[in-house]
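Working notes, structure below.
The values are calculated or read from the model by the stated rules, or taken from the named source; none is laboratory data. Since this is a predicted model, take the numbers as computed values, not measurements. As a convention, Cβ positions derive from the backbone with ideal geometry for all residues, glycine included, and neighbour counts pool all protein chains shown. Accessible surface areas use protein heavy atoms only, side chains included; no ligands, DNA or RNA. Shrake-Rupley method; radii C 1.70, N 1.55, O 1.52, S 1.80 Å.
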Amino acid sequence: MATISSETKKNVWKYIYNLPRDLGFDNKIDVVYKEHCSNFNITEFDLRDILIEFEKGHLVTLEMYIGGTFVTFLR
């Protein structure tokens, strides 16, 4: 994993937290890696790794699938 700056992680958190909740749940979104990586100039793997860090920090839970993940916010 490449070193990802804390500023990039903060920006990713702000971005995904403000995405519309369109799955019928107030705290769940669908993140398709390809659609969002260019906003931060990072790879799909970097975005996945950042989301995994958020999960390890007990901020979200992830339900991964090929090409993306469902993110459920815990906070």
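Of the numbered conditions (1) of a type in the set (Val, Ile, Thr); (2) open to solvent by less than 90 Å² (accessible area, probe 1.4 Å); (3) modelled with pLDDT under 95, Ile66 fails exactly one; give the number of that condition.
Every listed condition holds for Ile66 apart from (2).
Working only within region 21-37, note down all residues that are under 13 Å from the mean Cα position of the chain (by Cα), open to solvent by 30 Å² or more (accessible area, probe 1.4 Å) and over 11 Å from Val71 (Cα atoms).
Lys34, Glu35
Looking at (1) in contact with an Asp or Glu (Cβ under 9 Å, 6 or more places away or on another chain); (2) part of a helix (DSSP H, G or I); (3) of a type outside the set (Asp, Glu), which is the only condition Ile52 fails?
(1)
Looking at region 38-58, which of the residues that are touching a residue at least 40 places away in the same chain (Cβ under 8 Å) and closer than 20 Å to Arg21 by Cβ is least open to solvent (accessible area, probe 1.4 Å)?
Looking at the filtered set, the residue picked out is Ile50.
Tell me which residues, restricted to region 20-63, are among the aliphatic types (A, V, I, L, M) and either under 20 Å from Glu7 (Cβ atoms) or modelled with pLDDT of 90 or more (or both). Write out each step before concluding.
Applying the first criterion (among the aliphatic types (A, V, I, L, M)) to region 20-63 yields 23, 29, 31-32, 42, 47, 50-52, 59-60, 62.
Ile29, Val31, Val32, Ile42, Leu47, Ile50, Leu51, Ile52, Leu59, Val60, Leu62, listed by residue number.
Which residues, counting only those in region 17-49, are part of a helix (DSSP H, G or I) and among the aromatic types (Phe, Trp, Tyr)? Give the steps one after another, and end with the answer.
Residues of region 17-49 that are part of a helix (DSSP H, G or I), as a first pass: 17, 33-39, 44-49.
Once the filter is applied, which keeps residues that are part of a helix (DSSP H, G or I) and among the aromatic types (Phe, Trp, Tyr), region 17-49 yields Tyr17, Tyr33, Phe45.
Can you name the residue in region 1-16 that is assigned to a loop (DSSP other than H, G, I, E, B) and open to solvent by less than 100 Å² (accessible area, probe 1.4 Å) and, of all such residues, is farthest from Ile66 (Cα to Cα)? Break it down stepwise before answering.
Quick first cut of region 1-16, residues assigned to a loop (DSSP other than H, G, I, E, B) only: 1-5.
Then drop every residue that is not open to solvent by less than 100 Å² (accessible area, probe 1.4 Å), which leaves 2, 4-5.
On the way: Ala2: 21, Ile4: 22, Ser5: 25 Å.
Going through the qualifying residues, I end up with Ser5.
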